[in-house]
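Working notes for the structure below.
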Amino acid sequence: YDKPTNTISYASMNNYPAVKLLPPSKKKRILVTGGAGFVGSHLVDRLMLLGHDVTVLDNFFTGSKTTVSHWVGHPNFELVRHDVTEPYMIECDQIYHLACPASPPHYQFDSIKTVKTSFMGTMNMLELAKRTKARFLITSTSEVYGDPLVHPQSEDYWGNVNPIGIRACYDEGKRVAETLTYCYQRQENIQVRVARIFNTFGPRMNPQDGRVVSNFVMQALKGEEMTVYGDGKQTRSFQYIHDLIDGLIALMNSDESRPVNLGNADEFTVGDFAVMVKEIVEKVQREDNQQESPKAAQSKVVYKPIPSDDPQRRRPDNARAKEVLGWHPRWTVSMGVEEMVRYYKAQLEDGTIV
Ligand code: NAD
Ligand code: UDP
């Protein structure tokens, strides 16, 4: 008997990161909408490693299959192309509802669709939670505070949002999504969790997505002009992705149904942040390439017009997250930026990005 030669090696089919083996009573069926995006893909990694069954729904508008491709084929994982503005049925225990573009150029690209995604997408996922009795978590945003008149922002602050400006499709979209979430809690007894996320960054952020961290890191790596919008005196507080994922999972599994801020309270002016990014990129380029004059040294800060309604200040009050979740950020901004620099640098070198 001649053994067939064209068979697959079964060993190579188990080439996945090692996941925890959970007893059936502890293994949850978890739906992650927007799971192929930046935050979603990190959440998927963590939930998979914890041993749960994870289904991703994504229409790949700003996300990409490659962010979760390392799980494709794993028995605990499923990737479904689906637009959340259409209903979807699946048995599940928990829903992490992330689907929504988050970067200003992306959410302004088709602002009507952004509002539709925020409202109808959230309604469809709340209806699913109602049918399945799943616990529902929505990733809301610090943008619900608008251009805040209170600083830092605690969850009790109602915000200062321009309802008709260019950011309104996102800000008001998230506000109505929160409203809808609490309507379903009151009227339909859905278990809800609301995370108000402050600016978050890390590997797998789309380098072209126009957000400040990805822009500055890419510009410095290439020795290009670093584009500060306005006078650079507006502030933001930047959180590293791993801290956010800790917070989201802790919130989902807590008893807290009020909104909870998740962000790093280290506040920078955008101008100072540009200088910091440039210094970190220079340091990494010197260390890795032993370059005498790293490309980042050529980068100059240039000032561009500030987009309208750009909030002046942003810093989370984290007291509630600390009290109810025992959560606080562990990554300093500079540690996170260095990781991000190494990630984009490696991708630029192997030609995955330009
Ligand atoms: P992202 O753009 O990388 O990811 C969003 C994902 O949702 C993408 O994969 C996209 O393809 C998908 N999506 C968009 N519209 C969809 C639709 N109609 N149907 C199905 N899928 C759709 O953004 P992100 O930074 O990962 O943000 C994820 C969530 O976190 C969003 O809800 C965002 O509002 C929230 N958030 C993020 C930040 C941040 O700084 N990253 C801050 C506040 C809130
Ligand atoms: N910003 C900037 N240069 C850039 C991109 C953004 O100065 O190349 C500014 C932007 O105007 C805002 C801040 O950086 O004041 C954060 O912008 P981002 O789009 O990252 O997030 P958001 O405005 O939603 O907080």
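What follows is calculated from the coordinates using simple rules that are stated; it is not laboratory data. What you see is a predicted model, and the numbers here were worked out from it, not measured in a lab. When we count neighbours, we look across all protein chains shown, and the Cβ atoms used for this are built from the backbone with ideal geometry, even at glycine.
Here are the numbers for this structure:
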read-out	value
Which of Ile249, Leu31, Ile190, positive extreme of dipole for the chain (C-beta unit charges)	Ile190
Charge dipole (debye, nearest 20) of the range 26-114; +1 at Cβ of Lys and Arg, -1 at Cβ of Asp and Glu	240
Calculated from backbone phi, Karplus (6.51, -1.76, 1.60) coupling profile of the range 305-316 in Hz, x at Gly/Pro	x, 7, x, 5, 6, 5, x, 7, 9, 7, 8, x
Within straight-line cross-link reach of Lys295, lysines at Cα separation under 25 Å, skipping those fewer than 8 residues along the same chain	Lys222, Lys278, Lys283, Lys304, Lys345
Amide H within-cut-off set for Tyr229, under 5 Å, with H built and near neighbours excluded	Lys304
Magnitude of the charge dipole, the range 227-329, Cβ model with Lys/Arg +1 and Asp/Glu -1, debye to 20	340
Within-15-Å neighbourhood charge of Met125 [Cβ basis; K, R +1; D, E -1]	0
Gyration tensor verdict on the range 1-155 (Cα atoms; rounded if a/c is under 1.5, prolate if a/b is larger than b/c, oblate otherwise)	prolate
Partners for Lys113 among lysines (Cα-Cα distance below 24 Å; same-chain residues under 8 apart left out)	Lys65, Lys174
Gyration tensor (Cα) of the chain, equivalent ellipsoid semi-axes in angstrom	32, 29, 18
Cross-link reach list, aspartates and glutamates versus Lys26, counting only Cα pairs under 17 Å and skipping chain neighbours closer than eight places	Asp53, Glu91, Asp93
Three semi-axes of the equivalent ellipsoid, the range 140-286, Cα gyration tensor, whole Å, largest first	32, 18, 13
Sequence-separation-based contact order of the range 77-149, relative, with Cα cut under 8 Å and 6+ spacing, percent	44
The range 220-280: translational diffusion in µm²/s, Stokes-Einstein, Kirkwood Rh over Cα pairs, 25 °C, 0.890 mPa s	176
Charge dipole of the chain about the Cα centre (unit charges at C-beta), most positive-ward option of Phe119, Ala274, Ile353	Phe119
Cα lying deepest toward the dipole's positive end in the range 179-328, options Pro307, Ala265, Val217, charges on Cβ	Pro307
Cα-based shape type of the range 48-111, given that a ≥ b ≥ c are square roots of the gyration tensor eigenvalues and the cut on a/c is 1.5	prolate
Whole-angstrom gap from the range 299-328 to the range 205-265, using each part's C-alpha centre	8
Candidates per trypsin sites (Lys or Arg not before Pro) in the range 269-354, loop by DSSP, up to 13 other Cβ within 10 Å	Lys300, Arg330
